[in-house]
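J.: What follows is a single structure, and I will ask about it in a moment.
The values are calculated or read from the model by the stated rules, or taken from the named source; none is laboratory data. Nothing here was measured: the structure is a model prediction, and the numbers come from that model. Cβ atoms come from the backbone with ideal geometry, glycine included; neighbour counts cover every protein chain shown.
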Amino acid sequence: MRPQDAAAQADSAGPAGVLAFPEAQAVAGSGLPLPGLGRPKRSTRARYALTTSDRQGRLADRSPILALSWPPLQPVSITATQDTVVIPAVAEGRGSLTRQGFLQLPAAIRYRCHIRTGDRLLIAAYPDRDRVVVYTLAALDDMINTRAGDLP
C-alpha cells in the first residue's frame, strides 16, 4: 500500500481503525473517500460498433461479424423495418457477407431504412442469437428518448 493510500485509509477510519465506508476509495491527492459505483450489469452479451456505410452499402467495421465467427461469404437473411435491419446467419440465403467478410446492405434495404452513404450506424452482434442488428441513428434517438424520458 502506498503511503498516501494508508494516510487516506487512516483518515477515513472510524473507532478502532475500522473504515466508515469499506467500499469507499480515496480521490488521489484529496484524501476524501468516494463510494464505489460498481459496474452496471448487462442484460446481454451483445458486441457493439459504430460504423459508416459506403456507397455500395458495405459497413466499414467488421468487428461484430468477427465476434460471431462468421466466415467470409456466410449466407444471411436480411430484413428491415423503417430504421432497423435484422441479419441472422442462415444455411442458405439470398444475401451473404463479402469475400473479405464485410456486411453489405442491399440498395432496397438502404432505401427502406433511409441509409445514405456516410451515415453512422450502430451494429450489434448477438452471439446467443447468431445475428446482427443494424440500428440507424433515428432508431437510437427513439431508444434514448424512451429511456431518458423528459430529461433536459
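J.: Could you list, in sequence order, all residues of the stretch 40-61 that are among the polar types (S, T, N, Q) and assigned to a strand (DSSP E or B)?
T.: THR51, THR52, SER53, listed by residue number.
J.: In addition: Run down ALA139, ALA108 and say which single residue is farther than 17 Å from LEU66 by Cα, outside any loop (DSSP other than H, G, I, E, B) and within 16 Å of the chain's Cα centre (by Cα).
T.: When all the criteria are applied, what remains is ALA139.
J.: Looking only at residues that are surrounded by fewer than 16 Cβ atoms within 10 Å (Cβ to Cβ) and small (Gly, Ala, Ser) in the stretch 50-76, which one is farthest from TYR111 (Cα to Cα)?
T.: So, considering only residues that are surrounded by fewer than 16 Cβ atoms within 10 Å (Cβ to Cβ) and small (Gly, Ala, Ser), the one farthest from TYR111 (Cα to Cα) is SER69.
J.: Moving on. For the stretch 86-97, name all the residues that are farther than 17 Å from ALA67 by Cβ and surrounded by 12 or more Cβ atoms within 10 Å (Cβ to Cβ).
T.: VAL90, GLY93, GLY95, SER96
J.: Cβ contacts < 8 Å: first residue crowded, with 18+ Cβ neighbours inside 10 Å, restricted to the stretch 122-148; second residue of a type in the set (Asp, Glu), any location; separation 6+ or different chain. Result?
T.: ILE123/ASP61; TYR135/ASP83; THR136/ASP83; THR136/ASP119; ALA139/ASP83
Rundown of residues vs (1) at pLDDT 95 or above; (2) assigned to a loop (DSSP other than H, G, I, E, B), yes/no style:
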{"position": "PRO88", "(1), (2)": "yes, no"}
{"position": "PHE102", "(1), (2)": "yes, yes"}
{"position": "LEU122", "(1), (2)": "yes, no"}
{"position": "ALA125", "(1), (2)": "yes, no"}
{"position": "VAL133", "(1), (2)": "yes, no"}
{"position": "ILE144", "(1), (2)": "no, no"}
{"position": "PRO152", "(1), (2)": "no, yes"}
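J.: Now a separate question. I'm trying to understand the selection: among the residues of the stretch 84-136, which are among the hydroxyl-bearing types (Ser, Thr, Tyr) and either within 15 Å of ALA60 (Cβ to Cβ) or not assigned by TED's automatic domain parsing to the domain that holds THR52 (or both)?
T.: Result: THR98, THR117.
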